[in-house]
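Asker: Pasting a structure below so you can have a look.
A short reminder: the numbers here are calculations on the coordinates, not readings from a lab. Note that the coordinates shown come from a computational prediction; the quantities given were computed from them, not determined experimentally. Every residue, glycine among them, receives a Cβ derived from its backbone with ideal geometry; neighbour counts consider all protein chains shown.
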Amino acid sequence: MRALIFDLDGTLIDTVYAHVFAWQRALAESGLAIDGWKIHRRIGMSGGLFTRAVAREVGKPLSDDDAGRIQARHGVLFRELLPERRPLPGAVELLRWLRDQKITHGIATSGRHPEIDSSLAALGVPADMVVVDRGDVLRAKPEPDLFLKCQEQLGADIRDCYVVGDAVWDLLAARRAGMLSVGLLSGGYGWDELTSAGAFRVYRDAADLHRSLDELGIL
């Protein structure tokens with residue numbers, strides 16, 4: 001039984017750059033000025049790893065309380081910047097088709113509720129779909145916990161799971177989980193970066209993936 005495990009931001013929903021701006025503002029408010037492109041390269045990591053990595057880069061250590069406060073501020077700013085969410089091309093149709101065909105699939109995201117709620121609503125995700133978020137696991141990407149938790153809830157074998165993600169952190173976590181991965185260009189990473197990180201195939205977006213599911217043995 002083949003199964004697809006999807007990342008959320010940048011894979012199914014167009015939120016990557018709103019996250020970049022929200023992180024940049026939250027960090028600047030705490031005296032951690034950092035260029036936007038450097039933030040983009042770390043989108044997809046857990047918030048805790050992200051804040052520690054940024055602090056290390058600018059040479060300003062953060063306490064756990066400071067890191068938690070910045071993460072919370074990021075969540076507030078993100079919801080203010082992007083109150084409405086736009087699914088990426090083909091995402092809604094792909095998820096609907098998978099449901100109709102009864103193909104096992106779920107979402108595993110480093111985001112948290114309520115931050116992800118509007119994104120799930122925009123995608124038309126039903127209440128009974130498996131969605132694993134940061135609050136469900138001890139460690140987030142690039143650790144494999146999110147994908148392993150999703151695989152467990154789906155009842156699929158690890159060897160039958162494909163992880164679909166837009167960032168190198170998704171692909172690294174998939175490798176650690178022992179799963180094949182598929183890269184999408186819709187989050188801003190290049191084909192060469194995703195391939196180097198271990199992507200089995202790379203597609204432009206969810207629509208392109210939908211047209212190519214036979215390459216994964218899904219059809």
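Asker: Counting pairs of alpha carbon atoms under 8 Å apart in space and at least six apart in sequence, what relative contact order in percent does region 16-81 give? Show your work: numbers first, answer last.
Answerer: Working: 59 pairs, mean separation 28.7, N = 66.
That works out to 43 percent.
Asker: If you don't mind, there's one more thing I want to ask. Between 0 and 90 degrees, rounded to the nearest ten: what's the tilt of helix 91-100 against the longest Cα principal axis of the chain?
Answerer: Value to nearest ten degrees: 40.
Asker: A further question on this structure: Helix 47-58 sits at what angle to the longest principal axis of the chain, using alpha carbons and giving 0 to 90 degrees rounded to 10?
Answerer: Between the helix axis and the principal axis of the chain, the angle is about 50 degrees.
Asker: Now for a different question. Please give the helix 64-81 orientation as an angle from the longest Cα principal axis of the chain, in degrees from 0 to 90, rounded to the nearest 10.
Answerer: Tilt relative to the chain: about 60 degrees.
Asker: Let me ask another. In whole angstrom, how far apart do the alpha carbon centroids of region 146-172 and region 1-74 sit?
Answerer: Between the Cα centres of region 146-172 and region 1-74 lies a distance of 21 Å.
Asker: Just the C-alpha atoms of region 30-107: what Rg/Rh do they give, with Rh taken as the Kirkwood radius? Numbers along the way, then the final one.
Answerer: Details: Rg = 17.3 Å, Rh = 15.3 Å.
Radius of gyration over Kirkwood radius for region 30-107 works out to 1.13.
Asker: Quickly estimate the mean residue ellipticity at 222 nm for the chain, helices only: each DSSP H run with n ≥ 4 gives -39500 (n - 2.57), and the total goes over all residues, rounded to 500. Intermediate results must be reported in sequence, preceding the final value.
Answerer: Values: 10 runs with 97 residues, N = 219.
Here the helix-only value at 222 nm equals -13000 deg cm²/dmol.
Asker: Given H placed 1.01 Å from N in the peptide plane, which residues other than close sequence neighbours of Arg201 have an amide H under 5 Å from its amide H?
Answerer: Long-range HN contacts for Arg201: Gly183.
Asker: Moving on to the next point. Gain in length, Leu219 to Ser118, computed as 0.36 nm per residue apart minus the alpha-carbon separation, to one decimal in nm?
Answerer: Working: separation 101, 0.36 × 101 = 36.36 nm, distance 3.03 nm.
Answer, rounded to one decimal: 33.3 nm.
Asker: Can you pull a Stokes-Einstein diffusion coefficient for the chain at 25 °C (0.890 mPa s), Rh from Kirkwood over Cα pairs, as a whole number of µm²/s?
Answerer: Numbers: Rh = 17.3 Å.
It diffuses with D of about 142 µm²/s by this estimate.
Asker: Between Val164 and residues 5 or more places away or on another chain, which pairs have amide H atoms under 5 Å apart, with H built 1.01 Å from N, and which residues are they?
Answerer: Ile5, Phe6, Asp7, Val182
Asker: Then there is this: Arg99 to Arg56: FRET efficiency via 1/(1 + (r/R0)^6), r the Cβ-Cβ distance, R0 35 Å, to the nearest 0.05?
Answerer: Calculated value: 0.25.
Asker: Let me ask something else about it. Relative contact order, percent, of the chain when contacts are C-alpha pairs under 8 Å separated by at least 6 residues?
Answerer: 26
Asker: How many times 2.2 N^0.38 Å is the alpha carbon radius of gyration of region 57-141? Each step should come with its number before you reach the end.
Answerer: Numbers: Rg = 15.9 Å, N = 85, 2.2 N^0.38 = 11.9 Å.
Normalised Rg, Cα atoms only: 1.34.
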